[in-house]
Amino acid sequence: MARLSQNAEEILESLWVMTVEGDNVGCLLTSLNLNRDTEELVELIQRSYVEIKGDRVYLRREGRPDAQMTVRRHRLAERLTMDILGISGDEGNEQACEFEHLLRQGVDTKLCTLLNHPTTCPHGNPIPPGECCIKARQQGEPGIVALTELKSGESGEIAYLSASDDKKMQKLMSMGVLPGSQLLLVQKFPSYIFKVGQSQFAVDDTLAREIHVRRPV
Amino acid sequence: MPDTQTSALKVVLVGNPNVGKSVVFNALTGAYTTVSNYPGTSVEVSRGHCSLVGQSYEILDTPGMYSMMPITEEERVARKILLTEDPHVVIHVIDARNLERMLPMTLQLIEADLPVILVVNILDEAERLGMQIDLNLLQQNLGIPVVGAVMKRKMGLDALRQTISEYAVVANKPFIYAQDLEQDICQIANLIGGRYRLSRRATSLLLMQKDDDIQDLISVEETESSFQLLTEATREISFRRRADLNLQISLERRKVCKQVLQGVVTQSQEETESFSEKLSSWMMNPLTGAPILLLVVYLGLYKFVGGFGAGTLVDFLEGNVFENYVNPPIVHLAEKYLTAHWLFELVVGEYGVWTLGIRYAVALVLPIVGTFFLVFSLLEDTGYFPRLALLVDRLFKKIGLSGRAVIPIVLGFGCDTMATLVTRTLETKRERIIATMLLALAIPCSAQLGVILGLLSAEPHALLVWTVFLTFLFLFIGFLAAKILPGESPVFYMEIPPLRLPQLRNVMVKTLTRMQSYFVEILPLFLFASVVLWAGKMTGTLDNVIHLFSPIVRAIGLPVEVTTAFVFGFFRRDFGAAGLYDLQSSGLLSVTQLTVAAVTLTLFVPCVAQFLVMLKERGVKVAMMIFIFVTIMAFSSGWFLNKFLLMTGLLA
C-alpha cells in the first residue's frame, strides 16, 4: 500500500493525542479544520483507519498502530531538534514537524537507539515505545538517559554533560557534578533535586536534560 | 624585612559558599560579618583586622567561589582579590562532608602558587555522618598546612592562628595531569613573558579556558609579539580541544583528588534520615511546601511584622513613648527657645526635622523594618530560601526570572533599596532589569506594608482588593516584560545547603547589621526630606507642586490632600503611606478612596534612595525608563481601579 500522505499523518496524530491520550470521544471535524471530502480524510477512510459518524471523526482500531507510530516519530523528531540540534521554541516545533516525515524505513529506529530510547518528548508527553525500545528493555541494557528520564529515588552514575551552555556546565562541574559521580534523584517537581556525595542540588528541566546518567544494571 | 612589625599582612579567606568562611572571619577578627545560609548573598568583600604574636594582619573575607575560573559576579569579585592583592596566606575553607567535591579548588590554589592553608571545617557534622578524616595524611599528600575545625564552636581556632603566624613559604608540590594536557600547558607557559600573581601554569590553564579577565591581563602585560603568539597558540588549543577541554581539566583534577584522598576518609556507618532532612523534603515538595510558605508568610509577615511590629511596637513607641514622654518636653523646649517662626517650623512644625523626620524614622519605620529583618535573618539562617527558590522557579520563569530571584524579591518586602542592590547576584542583565522593575513597581517595602496593613486591616475587603490587584499586576507586568525584553530565559541551578537550626547569635548579628545599615541609609534621607518639605512649605513651592499634581490625583478620584502623601512618597515610600495614615485618622477618605490611594501609592515611584540605587546599578537610561514606566503605571492603575470600584460598587 502506498505511503500515507503527510497531512493524513497529521490527522492521525491529532486524533491520537485528543482521543487516546486525551479524553475526547471522537473529534469534531471542524476542530480539525476538515470537511467530509478532504482528500486526506478520504484516504484514511479507504484504509478503514477512521470513520465519520455525524460531525465527528473516530479513530478505528485498524488505524491505531499507524497513529501511534506517527506520534512516536513526531516526538522523536522533537527530541532530535530540541535536544541534539538545540533548536528551541516555535522554531524547534516547526523543524520537528518537518523532520518527523523523514523518519521512516528504520530511520526512526536508528534515531531512537541513538537517543537511547527516550520515553518522553521535551514537553513531557510519552513517546510510544517501538520494537527497538521493547527489545532494549528485554535485554536489560542499562542505557544512558537524561536526568529527566529517571524516577524519583532512582540513582545512577553521571555519564556525561551535554554542553549547550558552556558556562552553566562549568558551573555544575565546579560544584562537583562530574561524570563518574554517583547521583541520586530526590525529586522531579517543581524542580529537579539530586544528591551527589553529601550535597544537594536543584536544577530546572533545561539543565536536567543536559545531565546524562547511566542507570545501574 | 624591617617593617613587618608595623605593616599588616594580608590574609584572604576563600571557599565555596556555605562552608563557614564568614564564621572563620568573625572568629579571627572578633568583628561580625553577616553569616548567611544562602549561596551568593555576600557580594561585598569584608575586611577586618587581628593581631597574632605582635604582628598585625588584615583579614579579607571574599564571596563564595567554586573554582578559580569565575562564572558569576560574586566569583569574579573573589577571584579579583587573588589576582590583585598580595596575600601572606590564602585560607581555603572547605566543608569536611564534601572533601572530594571541594578539594579541586585547593589544587587550583596550590597550582597557582598561592600560599595556601586548608581549613577543613564542620568536622562535627562529618563525624555525625560517620566520616573519619585523617588530616595528617591529607596534609602530607597535599604538601600544605591543614587545620581541622568546628569554627562555629571555635574548635581549631588556636591551631589556625598558630599556623598563620608560623606560615613559611615553601615551594608548592605540583600535581601532574595527563600527558597531552601537560604538553599544551607547557606550550602556553613557555610563551608567557610577563610576571603574574598566579603561577604560569595556572595562568596558562585559565588562558586555555578563555578566561576573560586573564586575557585582558595578558593583553596589558605581554609585549606585542608574545601576546600575538599566545593568542594564536591558545586559539589553536581551544579549537583542537573544543569538545571537552573544561571537562577534561575537571576530570584530571578529580583524578588527582582521588589520589590525594586515598586512605584519608573512612566511612563507618550508613546515615539515617534525620528530622531536618524530613523537614527539608517537606519544604521542597509543592504539596507540603505551599502550606509551609503560607504559614511562614502568615506567622512571619502578617502576625509578627504586621501585628507585633507595625501594631504593638509602633503603638507603644509612637503612641506611648513619643506622645507622652519624648515629644512634650521637646515641643516645650522649642516653644521656649526657638522663637523664630521658621526655626520652630523646621524643628517641630508640621514637616519638622523632629516631628516628621526622627519621629517617623524611629517610632514608625524602625520597629517594622526591624521585625522584618529579624524574620528574614531567621529564615535565611535555617536555609529556607534555597528551598523556596526551587519551589517558585517554574512560576518565576513565566515572569522572566529564575528561582534565584526569590532573594531580592523577598528582601524587597523588607527594603526595596537593599533588594535592588542584591539583584546584582542575578546572572543575566535581562533578569536584573526585570527584577529591578518589579521591585520598583509592585513590591511594597516592609514599612509601607506595615502602614498599609494597619490602614486597611479595619477594611478586610479593601485589603483583599489591594492584595489581589498587586499580585495580579506583579505577575502580569512580569509576564509582559518576559515577552517583550529580548534575551534567553534564565537557567536555574542552585546548591541546596542542609537545613540547620538558626543560631541565635547569627540571627541577632544579621538583624542588627541590616537594621544598622538601613538606619544609616534612612535617617539622613528622612532629615533631608523633612528639610525639603519644610523649605517647600515656607517658600510656598510645596503648594505649587501639590497644585500641579492635584489634577492627576483628582482624576483618580482622590481628595487633593492625598497629593501631599504622594509627594512625600517619593522621599520615602513608607513616608507616603504614613501620610495616608494621618488622612485616614482624620476621616478624609472613603473606603474606595483609601484602597485606590493605597494601591497607587504602593505602585508609585520608589523612594529617593531606591531610585539612586537604580541609577547606580542599572545605568541612567534603564533607570529613567523604569521610573517613567512605573509612574505612568501607578496612576493609570489607580485611575482604572477607581473606575472599576465605582462602577461595580464593590467597596461601597
(request) Report, by residue number, each residue of the stretch B:106-116 that is under 15 Å from B:LEU138 (Cβ atoms) and outside any helix (DSSP H, G or I). (result) B:VAL116
(request) Would you check which residues across the stretch A:1-25 are in contact with a Phe, Trp or Tyr (Cβ under 9 Å, 6 or more places away or on another chain) and more than 21 Å from A:HIS74 (Cα to Cα) and list them? (result) A:VAL25
(request) Within the stretch B:368-409, work out how many residues are farther than 26 Å from B:GLY487 by Cα and either of a type in the set (Phe, Trp, Tyr) or not assigned by TED's automatic domain parsing to the domain that holds B:ARG424 (or both). (result) 5
(message) So, A:LYS171, is that one surrounded by fewer than 20 Cβ atoms within 10 Å (Cβ to Cβ) and facing another protein chain (nearest Cβ under 7 Å) or not?
(response) no
(message) Give me the helices (runs of 4 or more DSSP H) completely within the stretch B:117-200, filtered to those with at least 2 residues that are under 20 Å from B:ARG97 (Cα atoms), outside the structural domain of B:LEU229 (by TED's automatic domain parsing) and not polar (S, T, N, Q), ordered by residue number.
(response) B:123-128, B:135-142, B:157-165
(request) Mind counting the residues in the stretch B:398-424 that are surrounded by fewer than 24 Cβ atoms within 10 Å (Cβ to Cβ) and modelled with pLDDT under 85? (result) 4
(message) Here's a check for you: in the stretch A:117-141, which residue that is assigned to a loop (DSSP other than H, G, I, E, B) and either surrounded by fewer than 16 Cβ atoms within 10 Å (Cβ to Cβ) or charged (D, E, K, R) (or both) is modelled with the highest pLDDT?
(response) A:ASN125
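Evaluate the stretch B:444-459: report whether one residue or more is assigned to a loop (DSSP other than H, G, I, E, B), more than 19 Å from B:MET614 (Cα to Cα) and not aliphatic (A, V, I, L, M). Outline the logic, then answer.
Here is the first cut: in the stretch B:444-459, the ones assigned to a loop (DSSP other than H, G, I, E, B) are B:444-445, B:457-459.
The next check asks that each one be more than 19 Å from B:MET614 (Cα to Cα); those that pass are B:457-459.
When the remaining residues are screened for being not aliphatic (A, V, I, L, M), the result is B:457, B:459.
Scanning the stretch B:444-459 turns up at least one residue that is assigned to a loop (DSSP other than H, G, I, E, B), more than 19 Å from B:MET614 (Cα to Cα) and not aliphatic (A, V, I, L, M).
Please tell me if B:LEU449 is touching a residue at least 60 places away in the same chain (Cβ under 8 Å) and surrounded by fewer than 23 Cβ atoms within 10 Å (Cβ to Cβ).
Against the criterion (touching a residue at least 60 places away in the same chain (Cβ under 8 Å) and surrounded by fewer than 23 Cβ atoms within 10 Å (Cβ to Cβ)), B:LEU449 does not qualify.
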(message) I'd like to check which helices (runs of 4 or more DSSP H) are fully inside the stretch B:370-425 and have at least 2 residues that are free of Cβ contacts under 8 Å to residues at least 24 places away in the same chain.
(response) B:384-398
(request) Go through the residues of the stretch A:57-71 one by one and say whether even a single one is more than 26 Å from the chain's Cα centre (by Cα) and of a type in the set (A, V, I, L, M). (result) no
(message) Looking only at residues that are among the β-branched types (Val, Ile, Thr) and within 14 Å of chain A (Cβ to nearest Cβ) in the stretch B:491-511, which one is surrounded by the most Cβ atoms within 10 Å (Cβ to Cβ)?
(response) B:ILE496
(message) So B:LEU205 ticks every box in (1) farther than 24 Å from A:MET173 by Cβ; (2) within 38 Å of the chain's Cα centre (by Cα); (3) of a type in the set (A, V, I, L, M) but one. Which box is left unticked?
(response) (1)
(message) Checking the structure you have, find out if any residue of the stretch B:593-604 is within 19 Å of B:ILE434 (Cα to Cα), in the same structural domain as B:ALA435 (by TED's automatic domain parsing) and modelled with pLDDT under 85.
(response) yes
(request) Among the residues of the stretch A:145-164, write down those that are without any contact (Cβ under 8 Å) to a residue 40 or more places away in the chain and within 11 Å of another protein chain (Cβ to nearest Cβ). (result) A:SER152
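I'd like to know if the stretch B:143-156 contains one or more residues that are touching a Pro at 6+ places or on another chain (Cβ under 8 Å) and either among the hydrophobic types (A, V, I, L, M, F, W, C) or surrounded by fewer than 19 Cβ atoms within 10 Å (Cβ to Cβ) (or both). Full working, then the answer.
Our first condition is that a residue be touching a Pro at 6+ places or on another chain (Cβ under 8 Å); within the stretch B:143-156, this holds for none.
The answer is no, given that none of the residues of the stretch B:143-156 is touching a Pro at 6+ places or on another chain (Cβ under 8 Å) and either among the hydrophobic types (A, V, I, L, M, F, W, C) or surrounded by fewer than 19 Cβ atoms within 10 Å (Cβ to Cβ) (or both).
Looking at the stretch A:184-199, which of its residues are facing chain B (nearest Cβ under 7 Å), crowded, with 20+ Cβ neighbours inside 10 Å and more than 16 Å from B:ARG404 (Cβ to Cβ)? Before you say what the answer is, go through the steps one by one.
From the stretch A:184-199, those facing chain B (nearest Cβ under 7 Å) are A:187, A:189-191, A:193, A:197-199; that's our starting set.
The next check asks that each one be crowded, with 20+ Cβ neighbours inside 10 Å; those that pass are A:190-191, A:193, A:199.
A:SER199 - this is the single residue of the stretch A:184-199 that is facing chain B (nearest Cβ under 7 Å), crowded, with 20+ Cβ neighbours inside 10 Å and more than 16 Å from B:ARG404 (Cβ to Cβ).
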(request) Considering (1) of a type outside the set (D, E, K, R); (2) touching a Phe, Trp or Tyr at 6+ places or on another chain (Cβ under 8 Å); (3) within 14 Å of chain A (Cβ to nearest Cβ); (4) in contact (Cβ under 8 Å) with a residue 60 or more places away in the chain, say which one B:THR288 fails and leave the rest. (result) (4)
(request) State all residues of the stretch B:180-202 that are among the charged types (D, E, K, R) and more than 38 Å from the chain's Cα centre (by Cα); if no residue qualifies, say none. (result) B:ASP180, B:GLU182, B:ASP184
(request) Could you identify the single residue in B:LEU411, B:LEU464, B:LEU395, B:LEU475 that is within 14 Å of another protein chain (Cβ to nearest Cβ) and within 27 Å of B:LEU287 (Cα to Cα)? (result) B:LEU395
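Out of curiosity, is A:GLY54 assigned by TED's automatic domain parsing to the domain that holds A:GLU98 and more than 14 Å from A:TRP16 (Cα to Cα)?
Details: assigned by TED's automatic domain parsing to the domain that holds A:GLU98: no; more than 14 Å from A:TRP16 (Cα to Cα): yes.
Criteria not met by A:GLY54.
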(message) What pairs come out if I take residues in the stretch B:93-105 that are touching a residue at least 60 places away in the same chain (Cβ under 8 Å) and pair them with residues that are among the hydroxyl-bearing types (Ser, Thr, Tyr) and part of a helix (DSSP H, G or I) whose C-beta lies under 9 Å away, six or more apart or interchain?
(response) B:ILE94/B:THR106; B:PRO104/A:SER174; B:PRO104/B:SER250; B:MET105/A:SER174
(request) With the checklist (1) crowded, with 24+ Cβ neighbours inside 10 Å; (2) more than 14 Å from chain A (Cβ to nearest Cβ) in hand, flag the one item B:ALA389 doesn't pass. (result) (2)
(message) Can you confirm whether A:GLY156 is farther than 29 Å from B:GLU277 by Cα, touching a Leu at 6+ places or on another chain (Cβ under 9 Å) and small (Gly, Ala, Ser)?
(response) no
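Please work out which residue is surrounded by the most Cβ atoms within 10 Å (Cβ to Cβ), limiting yourself to the stretch B:547-585 and to residues that are small (Gly, Ala, Ser) and modelled with pLDDT under 80.
In the first step, residues of the stretch B:547-585 are kept if they are small (Gly, Ala, Ser); the result is B:550, B:555, B:557, B:565, B:569, B:576-579, B:585.
Of the ones still in play, those that are also modelled with pLDDT under 80 are B:565, B:569, B:576-579, B:585.
Details: B:ALA565: 23, B:GLY569: 26, B:GLY576: 27, B:ALA577: 29, B:ALA578: 25, B:GLY579: 24, B:SER585: 9.
Restricting to residues being small (Gly, Ala, Ser) and modelled with pLDDT under 80, the top hit is B:ALA577.
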(message) Being more than 7 Å from every other protein chain (Cβ to nearest Cβ) and out of contact with any Pro (no Cβ under 7 Å at 6 or more places or on another chain) is the requirement here; does A:VAL177 meet it?
(response) yes
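The values are calculated or read from the model by the stated rules, or taken from the named source; none is laboratory data. What you see is a predicted model; the values in this text were computed from it and never measured. With ideal geometry, Cβ positions are generated from the backbone for all residues, glycine too; neighbour counts draw on all protein chains shown.
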